[in-house]
Structure formats: structure tokens, C-alpha cells
Number of protein chains: 2
Amino acid sequence: MEAIDEQAFVEKTLATRRAFEGRAVVVDVLDIAMPDGRRTTREVMRHRGAVCILCQLPDGRYLLVHQYRKAVERTLLEVVAGCMEPGEKPEEAALRETREESGYEVDRLTYLGSTLPSPGYCDEVHYHFHALLKPMPLAQQLDTDENLKPVLLAAEEIDRAIDDGTLDDGKSVILWSLWQRRLARQG
Amino acid sequence: MEAIDEQAFVEKTLATRRAFEGRAVVVDVLDIAMPDGRRTTREVMRHRGAVCILCQLPDGRYLLVHQYRKAVERTLLEVVAGCMEPGEKPEEAALRETREESGYEVDRLTYLGSTLPSPGYCDEVHYHFHALLKPMPLAQQLDTDENLKPVLLAAEEIDRAIDDGTLDDGKSVILWSLWQRRLARQG
């Protein structure tokens with residue numbers, strides 16, 4: 001595959017303005033020059049980044065969550081996930097979010113890679129992990145405005161949910177794919 | 001798998017305020033009541049939706065694009081994709097975006113499903129398609145501020161790019177997975 005010729009595409013930032021600063025959503029408007037010199041603007045949402053963790057119990061079942069998402073007015077089936085806190089490394093966030101959302105401690109954490117959910121307008125990075133959980137649950141420690149419930153699923157149920165559209169959360173479909181690819185490579 | 005008990009999770013909207021309205025990014029702030037009555041706010045980015053098209057030539061090679069993404073200051077390898085226009089159906093957008101970005105007409109379009117890229121803060125839906133292209137290219141008709149170039153890849157090159165992290169655009173990883181799952185189901 002031909003290498004990406006970065007310099008041919010780079011857009012130079014001429015000015016930046018903080019257009020909106022909410023609790024979770026932050027938007028900058030950039031004046032930019034395209035490679036051929038034409039001027040335009042790019043609206044960029046700033047995001048600290050998030051971790052996505054495919055949790056698995058020693059008996060093989062996977063722990064996902066049902067979580068209400070106001071943005072889409074639906075309760076979704078999703079992997080455990082959450083935004084990183086300031087100064088936090090992805091692995092630290094993964095351990096913390098797993099403990100908080102699932103009520104289990106992590107026995108072994110495997111990093112699977114990172115993806116960009118919406119690079120057209122947002123700088124967010126998703127860091128993907130598999131977590132083998134310790135068998136004894138503690139208790140959930142949800143953020144005060146989180147609205148979710150854990151659910152245990154066999155691999156076949158997750159596959160079926162992707163194929164019939166029940167599982168349509170993007171980061172979850174990606175993480176399941178990365179995990180299946182990892183298992184296939186290991187034999 | 002136990003069914004999702006939607007009513008247990010629904011958050012009631014008490015008030016909505018348009019907090020930011022840009023060219024591409026629109027943000028509402030909602031005052032909501034959680035199921036247990038606690039009040040909080042949800043910041044929601046409004047998005048018209050986008051189509052993602054895995055383009056394939058009759059000779060088997062896939063057509064993706066190198067596109068500069070200011071939000072992440074990188075040139076990414078991505079599937080052909082674009083936002084839907086007002087009133088446009090996903091299939092119409094898929095045909096239009098393919099013609100504009102690839103320079104080829106579509107011979108056969110296959111719908112593969114939809115996903116939510118960032119349901120934590122955005123209502124965007126991604127509609128995924130496979131497109132078998134007609135063998136003779138016309139010409140690209142890019143939007144005046146699009147900055148991209150088509151590239152032809154074999155399936156093995158796409159797999160390698162996902163596994164080594166070169167292909168880390170979320171919608172592209174999802175669409176490749178949905179296509180592989182479709183091929184596996186067909187035998």
C-alpha cells in the first residue's frame with residue numbers, strides 16, 4: 001500500500017476561537033488554509049479521550065452494560081466505557097471504569113489498539129481493552145449522573161446482537177471486532 | 001439475552017437550549033430528570049447523519065480514501081463517507097458520495113446496517129453500505145473544502161492496516177467488520 005503523503009494534505013491553522021465550552025462538549029472554530037491556499041473554517045470538538053473495555057468473567061461470559069443515552073433517546077447495549085480524567089493514562093482509566101461500572105476488579109488487562117470515532121469533527125480517541133475480571137464482584141461505584149446496568153452475555157449472543165442490529169453502539173462493534181481478530185491471530 | 005427494560009432508564013427532558021450553532025456542529029443543552037428523579041444536564045450534539053460506503057471494483061480491489069482531518073491533525077485512511085443532505089435518504093446519499101469522492105458510479109449497493117459513533121454526546125447515525133462499482137471511472141466531484149485522494153487496496157492490505165493500527169478510523173473498522181461478517185454468513 002502506498003504510504004500516506006502527509007505534507008500534500010496538511011491544513012495550516014491561521015486562527016483558533018473557543019466557540020462553546022460546556023461541561024462535556026467543547027468546540028473550537030479554526031480558520032485554516034488548505035494545501036492549495038483556499039481558506040475555510042473547521043469546527044472541532046475537543047475531547048479528553050475515552051477507554052472501552054470488553055470485560056470477561058473467568059467462566060467465559062462477557063459483561064456489557066445497558067445504558068440510557070439521552071443523545072439518541074435509547075437504552076443501548078454497550079461495552080464498559082468512560083472518559084479519561086485529566087492526567088490519567090488509558091490503562092488507569094480502564095481499571096477505574098471497569099471497577100466503577102461492573103463492580104468487578106480486573107485480573108488481566110490487554111490493550112487492543114485505538115480508534116477515532118468521529119475524526120471529521122472531533123479529536124476524541126478511543127482506547128480499546130479486553131479485561132479478564134476477578135470472579136468475585138464488589139459493588140458498582142457509578143458517577144452520580146450515570147444511568148446503567150451490567151448484563152452478562154455469551155459470545156454467541158453478542159454475535160447475534162451485532163448481526164440483528166440490537167448491538168449498534170459503534171465503539172462496542174469495533175472492540176468486539178478487535179478482540180475477535182486478536183483471538184484469530186492467536187490461533 | 002434479557003430484553004432491555006427501556007422504561008427503567010428513560011430520562012425526561014425538562015428544558016432544551018440551543019447552546020451553539022456552527023456550520024457543521026450544533027449543540028443543545030438539555031435539563032433532564034433521571035429515573036430516580038435526580039436532575040442533571042446533558043449536552044447533545046445534533047448531526048444529520050452520515051453514510052459510509054465500502055467501495056469495491058469488479059477486479060476485487062477496494063477503493064478507500066486518504067483524507068486530511070483537521071480535528072486530529074492527521075491524514076487518515078478511511079472508507080468513502082459523507083454527511084447526508086437535508087431530506088436525503090441514506091441510499092441516495094451513498095450513491096452521491098460514492099460518485100463524488102471516488103469518481104465511479106455504483107453498480108450494486110448493499111445495506112449492511114447502522115451504528116452510533118458517539119451516543120454519549122451526539123445523535124449521529126452512521127449508515128453502512130457496500131458498493132460494487134462500475135469499472136469505468138468518471139471524475140471526482142469533491143466539495144470545495146474536501147481534501148482527499150482515492151487509494152486502491154486488496155483485502156489483505158486492509159486487514160494488515162487494521163491490525164497494525166494504520167487504519168484506525170472508527171467507521172471504517174466497523175464497516176470492514178460488517179462486510180466480513182456478511183461474507184462469512186453467505187458462506
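The values are calculated or read from the model by the stated rules, or taken from the named source; none is laboratory data. Fair warning: this is a prediction, and the values are worked out from it, not measured in the lab. All Cβ positions, even for glycine, are placed from backbone atoms using ideal geometry, and neighbour counts span all protein chains on display. What goes into the accessible areas is simple: the full protein's heavy atoms, side chains included, and nothing from ligands, DNA or RNA. Shrake-Rupley method; radii C 1.70, N 1.55, O 1.52, S 1.80 Å.
Values computed for the structure shown
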item: Choice from B:38, B:17, B:108 showing the highest fluctuation, given a GNM over chain B with Cα pairs closer than 10 Å; result: B:38
item: 1.4 Å probe accessible area per residue over the protein assembly as shown, in Å²; result: 44 Å²
item: Antiparallel %, DSSP beta bridges [both residues in the range A:36-187], to 5; result: 75 percent
item: Percent of beta bridges antiparallel (DSSP, the protein assembly as shown, rounded to nearest 5); result: 80 percent
item: Interface size B-A, as summed buried accessible area [1.4 Å probe, Å², nearest 100]; result: 6600 Å²
item: Peptide A:156-164 - average C-beta neighbours from other chains (10 Å radius); result: 2
item: Portion, in percent, of the accessible area of the range A:1-104 that falls on carbon or sulfur, probe 1.4 Å; result: 48 percent
item: Pairs of lysine residues in the protein assembly as shown - Cα separation under 23 Å, sequence separation of 8 or more or cross-chain; result: 19
item: Within the accessible area of the range A:134-187 (1.4 Å probe), percent carbon and sulfur; result: 53 percent
